[in-house]
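Below: one structure, written as structure tokens.
The values are calculated or read from the model by the stated rules, or taken from the named source; none is laboratory data. What you see is a predicted model; the values in this text were computed from it and never measured. As a convention, Cβ positions derive from the backbone with ideal geometry for all residues, glycine included, and neighbour counts pool all protein chains shown. Please note that ligands, DNA and RNA were not included when accessible areas were found on the heavy atoms of the full protein model with its side chains. Shrake-Rupley method; radii C 1.70, N 1.55, O 1.52, S 1.80 Å.
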Amino acid sequence: GDGDHGFGMQRGLKAAVDVTKEALIAQAGAGTLLTVAGDTWSDRAGGTSGALWGVILHNLGNALGNEAMPDVSIIAAGVASALDGVTNLGKAHLGDKTLVDVLHPFSAALAAGALRGVSIPDAWSAAAESADEAAQATKNLVPRIGRARPHAEKSIGTPDPGAISMALIIRAVDSVIRKHCS
């Protein structure tokens, strides 16, 4: 696009962290924390990525809810809901050189972990590996949608910024899960 992806991600993340701190003080549950974070991220980040991250966090929060301790199946269902929300809103598909190229294999890997009955940390870590690989593989794709589309073949060799951001956030969540859920 025009190089502003990182600025929008910083604005969205900072706003989401600020609002979740307030919600945490008010003793909000995990689902509420994620939905308010998503709504705030969307409002403050701007651009398509802001809207998409808003949907991701909001859908994940709705799936987790506030009452029960989520298991890997609930988390996998939440990520699948996030993927559905992103593809419905943004209209991107696998192979379009977007964050969907990471979210799709990540969701599939989490679902596979849930079917195998592995722990949340193990399922997330394995899925994070898939996300890392998928983000790097976007360097071989030609953008077919979004602001990078006009760059076409000139973008070959450079991974998609949204895909890289997605993988970095998934990896950051992996370290939090490893620390608090093992």
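Any residue in the range 118-137 that is in a loop (DSSP other than H, G, I, E, B) and modelled with pLDDT of 95 or more? Yes. Take the residues in the range 9-60 that are within 15 Å of residue 165 (Cβ to Cβ) and out of contact with any Gly (no Cβ under 9 Å at 6 or more places or on another chain); name whichever of them is surrounded by the fewest Cβ atoms within 10 Å (Cβ to Cβ). Ranking the qualifying residues of the range 9-60, first place goes to 10. I'd like to know if the range 87-95 contains one or more residues that are open to solvent by 40 Å² or more (accessible area, probe 1.4 Å), of a type in the set (A, V, I, L, M, F, W, C), closer than 22 Å to residue 125 by Cα and not in a helix (DSSP H, G or I). Within the range 87-95 (the criterion being open to solvent by 40 Å² or more (accessible area, probe 1.4 Å), of a type in the set (A, V, I, L, M, F, W, C), closer than 22 Å to residue 125 by Cα and not in a helix (DSSP H, G or I)), the answer is yes, since at least one residue qualifies.
For the range 147-165, indicate whether the set of residues that are open to solvent by less than 10 Å² (accessible area, probe 1.4 Å), farther than 24 Å from residue 34 by Cβ and over 14 Å from the mean Cα position of the chain (by Cα) is non-empty. No, the range 147-165 contains no residue that is open to solvent by less than 10 Å² (accessible area, probe 1.4 Å), farther than 24 Å from residue 34 by Cβ and over 14 Å from the mean Cα position of the chain (by Cα).
Against the list (1) buried (at least 16 other Cβ atoms within 10 Å of the Cβ); (2) within 25 Å of residue 27 (Cα to Cα); (3) in contact with a Ser or Thr (Cβ under 8 Å, 6 or more places away or on another chain), the condition residue 83 fails is (2).
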